[in-house]
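First up is the structure itself, then whatever we jot down about it.
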């Protein structure tokens, strides 16, 4: 499979680290700045240190699958529910206790509690408010319109958020419609894609592109630095659509061969607590998945927009079909 080949070819070699009995080793597919505030608070509260080995979620998952019982890691964190579900299907994780898991709604965790979602994000459109084309889009499927030829910004097709979004659209709208959408976007970008979502937002803000497909928080990061930038967020597929916005979660799993069950359970208890969920929300303007925790006041509130009715576990279960569809379309 293409994804496996990609990640194996680029599989990172992590530095050896001797982890003491009072430390938890985390394979983290998230940037340190998004998880470190949570782990620092956990250490202050419990005295248990957290050691981070960071890299691509997919590469780390494949590393973990190669290591099996020889791994020194205790926890796997992914920025994508698809990798978490694939890890569960590979038998790499062990379930979190029911007491902890019930803090997270069933739609945002594995059926057997082998992984839990910790924070959610929306797949949205960023548009340049000075462009007349900004009024032409209110659905992700509008991105295939020939009107956007040369004016569309998307990431490369191996980006994990890109893959997750395509899965949601495929499950919601069907393979044929999604295939035609992919082909239309391919024509519009003419093999010119971006390697980072932040670069997409900048290109739209600079007027080089009229519209881009990104995770919601990248727009707010740009506006923090450039409050007068001529961009706005469009929450797609709301009015007149049965689908709603594509949703994804970052989450965590306990590695099956970890020998630090008590310490790791304490970490999961903290990450799903009101304090931990608030810290996740503040670190990256993502949406807490535990009910009753408020997101940042600067982003659209939960309940103000429609979310596609696709359980997060499907992002892993349908991953193979998604990658086949992307390859069939010939996406760069």
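The values are calculated or read from the model by the stated rules, or taken from the named source; none is laboratory data. Given the structure is predicted, the values throughout are model-derived calculations rather than measurements. Don't worry about glycine lacking a Cβ; one is built from the backbone with ideal geometry, like all the others, and counts go over all protein chains shown.
Could you check, for the stretch 12-23, whether at least one of its residues is modelled with pLDDT of 95 or more, under 15 Å from residue 73 (Cα atoms) and buried (at least 16 other Cβ atoms within 10 Å of the Cβ)?
There is at least one residue in the stretch 12-23 that is modelled with pLDDT of 95 or more, under 15 Å from residue 73 (Cα atoms) and buried (at least 16 other Cβ atoms within 10 Å of the Cβ).
With (1) in a strand (DSSP E or B); (2) under 25 Å from residue 104 (Cβ atoms); (3) assigned by TED's automatic domain parsing to the domain that holds residue 142 as the list, and residue 217 as the residue in question, which single condition is left unmet?
Unmet condition: (1).
Among (1) at pLDDT 95 or above; (2) in contact with a strand residue (DSSP E or B) (Cβ under 6 Å, 6 or more places away or on another chain); (3) surrounded by 21 or more Cβ atoms within 10 Å (Cβ to Cβ), which single condition is residue 281 missing?
(1)
Here is a check on your reading of the model: is residue 295 assigned to a loop (DSSP other than H, G, I, E, B), assigned by TED's automatic domain parsing to the domain that holds residue 100, crowded, with 17+ Cβ neighbours inside 10 Å and in contact with a strand residue (DSSP E or B) (Cβ under 6 Å, 6 or more places away or on another chain)?
In short, yes.
Out of 210, 246, 253, 229, report the one residue that is under 12 Å from residue 120 (Cα atoms) and touching a helix residue (DSSP H, G or I) at 6+ places or on another chain (Cβ under 7 Å).
On inspection, the qualifying residue turns out to be 246.
Which of the following residues is assigned to a loop (DSSP other than H, G, I, E, B) and assigned by TED's automatic domain parsing to the domain that holds residue 48: 304, 258? Before you say what the answer is, go through the steps one by one.
On the way: 304 fails: assigned by TED's automatic domain parsing to the domain that holds residue 48.
Being assigned to a loop (DSSP other than H, G, I, E, B) and assigned by TED's automatic domain parsing to the domain that holds residue 48 holds for just one of 304, 258, which is 258.
Residues checked against (1) outside the structural domain of residue 255 (by TED's automatic domain parsing); (2) over 16 Å from residue 267 (Cα atoms); (3) crowded, with 18+ Cβ neighbours inside 10 Å:
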| site | (1), (2), (3) |
| --- | --- |
| 29 | no, yes, yes |
| 35 | no, no, yes |
| 41 | no, no, no |
| 45 | no, no, no |
| 50 | no, no, yes |
| 59 | no, yes, yes |
| 62 | no, yes, yes |
| 75 | no, no, yes |
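Would you check if there is a residue in the stretch 61-76 being under 28 Å from residue 213 (Cα atoms) and modelled with pLDDT under 95?
Checking the stretch 61-76: not a single residue is under 28 Å from residue 213 (Cα atoms) and modelled with pLDDT under 95.
Could you list all residues from the stretch 307-328 that are under 15 Å from residue 120 (Cα atoms) and assigned to a loop (DSSP other than H, G, I, E, B)?
308, 309, 310, 311, 312, 313
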